[in-house]
Amino acid sequence: MRFDFPTVMVLLVVVTGVIWAFDAAVLARRRRESAAAALAAGSGEVPAPSRLVEYARSFFPVFLIVLVLRSFLVEPFRIPSGSMMPTLLIGDFILVNKFEYGIRLPILDFKLIELGAPERGDVVVFRSPEDPSVPFIKRVVGLPGDEIAYYRKTLYVNGAAVEQRPVGEYTASGSASGMNGATLLREVLGAHPHDILVQPGMPSAEGKMVVPEGNYFVMGDNRDNSRDSRYWGTVPDELLIGRAFRIWMHWTWEHGIEWARIGDRID
């Protein structure tokens, strides 16, 4: 079992819920009996719930609301690497739609309700096939049954080269400045035009494969600086967490808050 934030929240909900339920079913009755006995004896003392029970009553609804929101609706993540530049930068805090690809049980990741599937071009958060405790974010470039090839810094889907239009030289500041000078291209993948970065002369992983059923081929937009399906294979559907859709904050120790990125939509 993974010991991550959802696991902690489930444990907190269970523990506080059990304490609250036990108090309501057993301890509260004993307190009422003690109060009645005290009243009959002429004493005004009424036993109060323990501090542990009071804490459980107070925090159970909070833990439950957080668990429901993060497990079934929206979950925040922070971008730790530059593999999705220029779309996402180190220090971006993003929101992920948890229900677009189906309702899943927390911890078990069992899909209760099928609501949809990733489309080519979606930016998705998923659990790493190499270490499911680690969340990754990449762009879906291949759907089940697709033949995906990557040669000479060009992506091919089912034998056709994906359209790439030169934009110019990438220039940026702050956490993105490390990629200044890279070639900026506008790629059109499905209904998602987006920018990618390549570095001419830098070696790049190449190859071809057919995406298995129930799996997705993902790549980073920073094509020469991303470990993705070219290295460790496809992503099974059960490892999907959700679709990234909005940047709600950008902050790094070195450069502080970048206000211009707050609220940007993720395409």
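Here's the yes/no breakdown for (1) out of contact with any helix residue (DSSP H, G or I) (no Cβ under 8 Å at 6 or more places or on another chain); (2) farther than 23 Å from THR171 by Cβ:
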| residue | (1), (2) |
| --- | --- |
| GLY201 | yes, no |
| GLU213 | yes, yes |
| PHE217 | no, yes |
| GLY242 | yes, yes |
TODO: Please enumerate the residues belonging to the range 76-122 that are crowded, with 20+ Cβ neighbours inside 10 Å and among the charged types (D, E, K, R).
DONE: ASP92, LYS98, ARG104, ASP122
TODO: Considering only the range 207-234, state which residues are more than 28 Å from SER177 (Cβ to Cβ) and hydrophobic (A, V, I, L, M, F, W, C).
DONE: MET209, VAL210, VAL211, PHE217, TRP232
Open item on the list: Which condition from (1) closer than 25 Å to LEU67 by Cβ; (2) not charged (D, E, K, R); (3) not in a loop (DSSP other than H, G, I, E, B) is the one that LEU115 breaks?
Closed with: (3)
TODO: Identify the single condition in (1) assigned to a loop (DSSP other than H, G, I, E, B); (2) out of contact with any helix residue (DSSP H, G or I) (no Cβ under 8 Å at 6 or more places or on another chain) that VAL188 does not satisfy, given that it satisfies every other one.
DONE: (1)
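Per-residue answers, yes or no, for (1) free of Cβ contacts under 8 Å to residues at least 40 places away in the same chain; (2) small (Gly, Ala, Ser); (3) touching a Leu at 6+ places or on another chain (Cβ under 6 Å); (4) farther than 19 Å from SER81 by Cα:
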{"site": "ALA161", "(1), (2), (3), (4)": "yes, yes, no, yes"}
{"site": "GLN164", "(1), (2), (3), (4)": "yes, no, yes, yes"}
{"site": "HIS194", "(1), (2), (3), (4)": "no, no, no, no"}
{"site": "MET219", "(1), (2), (3), (4)": "no, no, no, no"}
Open item on the list: Can you say whether GLU238 is surrounded by fewer than 19 Cβ atoms within 10 Å (Cβ to Cβ), farther than 18 Å from VAL162 by Cβ and modelled with pLDDT under 95, as far as the supplied structure shows?
Closed with: yes
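Every residue, every condition in (1) at pLDDT 90 or above; (2) of a type in the set (Ser, Thr, Tyr), yes or no:
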position: VAL14; (1), (2): yes, no
position: SER34; (1), (2): no, yes
position: PRO47; (1), (2): no, no
position: LEU52; (1), (2): yes, no
position: TYR55; (1), (2): yes, yes
position: PHE72; (1), (2): yes, no
position: SER83; (1), (2): yes, yes
Task: Cβ-Cβ under 7 Å pairs, at least 6 apart or on other chains, the range 246-267 side closer than 10 Å to ASP92 by Cα, far side among the charged types (D, E, K, R) and surrounded by 15 or more Cβ atoms within 10 Å (Cβ to Cβ) - done: ILE247/ASP92; ILE247/ARG261; ILE247/ASP264; HIS250/ASP92; HIS250/GLU258; HIS250/ARG261; ARG261/ASP92
- [ ] Working only within the range 196-217, note down all residues that are without any contact (Cβ under 8 Å) to a residue 60 or more places away in the chain, part of a strand (DSSP E or B) and within 15 Å of VAL157 (Cα to Cα).
- [x] GLY207
- [ ] Kindly list the number of the only condition in (1) outside any helix (DSSP H, G or I); (2) among the polar types (S, T, N, Q); (3) in contact (Cβ under 8 Å) with a residue 24 or more places away in the chain that fails for THR171.
- [x] (3)
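The values are calculated or read from the model by the stated rules, or taken from the named source; none is laboratory data. For clarity, every value in this text was computed on a predicted model and none was experimentally measured. All Cβ positions, glycine included, derive from the backbone under ideal geometry; neighbour counts span all protein chains shown.
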